[in-house]
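Visitor: I have a structure I would like to understand better, so I am pasting it below and will then ask my questions one at a time.
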Amino acid sequence: MTGLPAEPLLRQIALRGGLTASGLAHTTGLEQAYVRATQTGRITLRAADQFAAAVGLHPLLLWGDDWLRLPG
């Protein structure tokens with residue numbers, strides 16, 4: 001399985017009132033990544049990093065050990 005589990009991110013977006021209320025719906029490229037994450041339950045590493053920055057959190061705070069286990 002590639003990427004990261006989408007649940008921590010989806011929870012943060014929901015806490016902020018959803019994709020539109022959080023202002024993330026208009027962030028370039030993230031709306032499509034959000035739809036994919038809700039459909040598959042996974043998020044790419046690139047989208048995870050972009051979303052984390054967009055909500056003002058380091059990816060480590062969202063994914064914890066899963067983020068630390070990533071190669072590279």
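The values are calculated or read from the model by the stated rules, or taken from the named source; none is laboratory data. Everything numeric here is computed off the predicted structure, so don't read it as measured data. Because the Cβ atoms are built from the backbone with ideal geometry, glycine has one as well, and the counts that use them run over all protein chains shown.
Visitor: Kindly indicate the residue of the range 27-47 that is touching a helix residue (DSSP H, G or I) at 6+ places or on another chain (Cβ under 6 Å) and part of a helix (DSSP H, G or I) and also surrounded by the fewest Cβ atoms within 10 Å (Cβ to Cβ) among those meeting that condition.
Guide: The extreme case among them is Glu31.
Visitor: Scan the range 45-67 and report the pairs whose first residue is without any contact (Cβ under 8 Å) to a residue 60 or more places away in the chain and whose second residue is β-branched (Val, Ile, Thr) and surrounded by 15 or more Cβ atoms within 10 Å (Cβ to Cβ), with Cβ atoms within less than 9 Å and a gap of 6+ or a chain change.
Guide: Gln50/Thr27; Phe51/Ile13; Phe51/Thr27; Phe51/Ile43; Ala54/Thr27; Val55/Ile13; Leu62/Val55
Visitor: Identify, from the list Ala54, Ala6, the residue that is at pLDDT below 90, on the phi < 0 side of the Ramachandran plot and among the small types (Gly, Ala, Ser).
Guide: Exactly one residue qualifies, and that residue is Ala54.
Visitor: Within the range 65-72, is there a residue that is charged (D, E, K, R), in a loop (DSSP other than H, G, I, E, B) and modelled with pLDDT of 85 or more?
Guide: yes
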